[in-house]
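The numbers here are math on the coordinates, done by the rules we state, and not lab data. These figures come from a predicted structure and were not determined experimentally. Cβ placement follows ideal geometry from the backbone for every residue including glycine, while neighbour counts extend to all protein chains displayed.
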Amino acid sequence: MKPIAIIGSGLAGYTVAREFRKLDKTTPLLIVTGDDGGFYSKPMLSNAFAMGKQPQQLKSKTVDQMAAELNANILTGTVVSSINTQAQTIQTKMGDFDYSQLVLALGAQAIRLLIDGNAADQVLFVNNLADYAVFRNKLALAGDKARVTILGAGLIGCEFSDDLASAGHEVILIDPNPLPLAALAPAAISSGLHAALESKGVKLKLGTTATQIAKQGNALQVRLSNDEVFDTDVVLSAVGLRADIRLAQAAQLQTDRGIIIDEHGQTSVPGIFSLGDCAQYKQADGSHSLMPYVAPIMTAARAIAQSLTGKLTSIDMKPAAVQVKTPSYPVALIPPALAVSKSGSWESVCTEGVTTSRYFDENKKMHGFALAPQDAKSRNALIAELSEAQVARPI
Ligand SMILES: Cc1cc2nc3c(=O)[nH]c(=O)nc-3n(C[C@H](O)[C@H](O)[C@H](O)COP(=O)(O)OP(=O)(O)OC[C@H]3O[C@@H](n4cnc5c(N)ncnc54)[C@H](O)[C@@H]3O)c2cc1C
């Protein structure tokens, strides 16, 4: 019997496997992954210091434990180089493997900025546990008070800044926008986050970019577009991720910014599904959106698992807030869809130190919100308010 194959052992790959095993204990499962197949929670990478965790402590299960739990054959360190959708095979250096149905859970790739200088190749990225271990080693070599420069004050850059500053490191956060979290949050919330990070000791250098990184003895020298120059021990890039669509494109599946999937999580080729950071999910209005967060993975995995058993099932995507793990100023938000994010505006109120912002279109219909400092009760009330206003909330 040909196995159901899953490419990728991140949260998306393993969650769909777990959900499938709840429904079917015996159909062979083949999981092929480029990494070591250990299970870890990726969101913990940007608050590991706050949780008092070393990189190795973030891995909650080894590949052998996962293989036993899932009754699956897991091939580690094995990159799939192509998919033959006609023959229903995947190609790797270990040989070709048949599949009956296929799940693409390929994640995303870190975006690399073009920066000059003889140390530009020393810029680090953290998009998996192995990257994080390298980063922590560099920090350890630089001592208890390492100077860390973070490129990008988006969600991940802000989370790392807060976490590293809490651990006593000297953090410089650089972003071309005038405020942190500018792409997702209204100015009222971003200003609050700016103040909270500053009071934590983070130095924010905004409205500028890093143009050059050069060797400076044992350290690195960063030059900004405003000509400011300073020394640092480590440079971490957190400028964003790009959905990994390379395999899907080569196999002629429909792609855009991600792998296009329908309401069942199925790609343009029947029997091939996709979810997670690589997928572009169908929204209620027919458009497709990247949703590179945990909550959509959980929901999509349940539906895809059902579909893999032969019962084609729609993904019932409920509004879920993105929770920014910045303990100095915890933010929860559901940003408006790209399509409406230019046609409306944010309205913010501040009551007893809590800022609540709602995004309305020109017809006063609510399309998103942001809340800080957030708490579960207020967050859930805003989710309910948004759900009432509309069902679809693409990110
Ligand atoms: C630092 C950080 C903090 C985050 N915090 C939050 C948070 O607080 N809340 C939240 O909701 N989301 C958060 N996210 C996002 C969330 O973690 C991701 O959406 C999620 O983990 C993506 O899982 P994935 O399985 O789609 O991708 P990945 O975890 O990237 O897994 C991709 C898998 O595919 C494999 N692969 C890729 N190509 C191939 C190939 N050709 N052959 C074989 N294997 C291949 C890789 O080896 C890997 O196993 C955070 C992300 C980061 C980086």
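Could you run the Karplus curve 6.51 cos²θ - 1.76 cosθ + 1.60 with θ = phi - 60° over the stretch 65-72 and give me ³J(HN,Hα) per residue in whole Hz, x for Gly and Pro?
Ordered by residue, 3J(HN,Hα) equals 5, 5, 4, 5, 4, 9, 6, 10 Hz.
Sort largest first and round to whole Å: the equivalent ellipsoid semi-axes of the stretch 64-124, each the square root of five times a Cα gyration tensor eigenvalue.
Gyration-tensor ellipsoid for the stretch 64-124: 33, 17, 11 Å.
Which of SER274, SER81, SER348, SER357 comes first, and how do the rest follow, when ranked by fewest Cβ neighbours within 10 Å?
SER81, SER348, SER357, SER274
Give me the distance in nm between label points sitting 7 Å out from Cα along the Cα-to-Cβ direction at ASP64 and ALA50, one decimal.
Here the modelled spin labels are 3.5 nm apart.
Test of understanding: ordering LEU338, LEU164, LEU204 by Cβ neighbours within 10 Å, fewest first, what list do you get?
Working: LEU338 12, LEU164 26, LEU204 20.
Fewest to most other Cβ atoms nearby, the residues stand as LEU338, LEU204, LEU164.
Setting aside same-chain residues fewer than 8 positions from LYS325, which aspartates and glutamates have a Cα under 18 Å from its Cα?
GLU159, ASP162, ASP163, GLU198, ASP375
Please work out the FRET efficiency for the pair GLN57 and ALA295, using the Cβ-Cβ distance as r and a Förster radius of 22 Å; give the result to the nearest 0.05.
That gives a FRET efficiency of 0.35.
If each Cα of the stretch 330-392 is one equal point scatterer, what is log10 of I(q)/I(0) from the Debye formula at q = 0.24 Å⁻¹?
At q = 0.24 Å⁻¹ the computed log10 ratios are -1.00.
More than 23 Å apart: what percent of Cα pairs in the stretch 180-334 qualify?
Details: 6600 of 11935 pairs.
For the stretch 180-334, the fraction of Cα-Cα distances above 23 Å is 55 percent.
Of LYS318/LYS365; LYS311/LYS365; LYS59/LYS215, which sit over 30 Å apart, Cα to Cα?
LYS311/LYS365; LYS59/LYS215
Would you order LYS215, LYS93, LYS282 from fewest to most other beta-carbon atoms within 10 Å of each residue's own beta-carbon?
LYS93, LYS215, LYS282
Pull out the extension gain between LYS318 and PHE230, defined as 0.36 nm times the separation in residues minus the alpha carbon to alpha carbon distance; nm, one decimal.
27.1 nm
Which percent of Cα pairs goes in each bin when the distances of the stretch 61-199 are cut into 10 angstrom slices starting at zero?
9, 27, 26, 20, 16, 2
Per residue, how much space in cubic angstrom lies within the convex hull of the C-alpha atoms of the chain?
Per residue, the Cα convex hull of the chain comes to 147 Å³.
Under a straight-distance cross-link criterion of Cα-Cα below 20 Å, which lysines are reachable from LYS205, leaving out those fewer than 8 residues away in the same chain?
Output for LYS205: LYS145.
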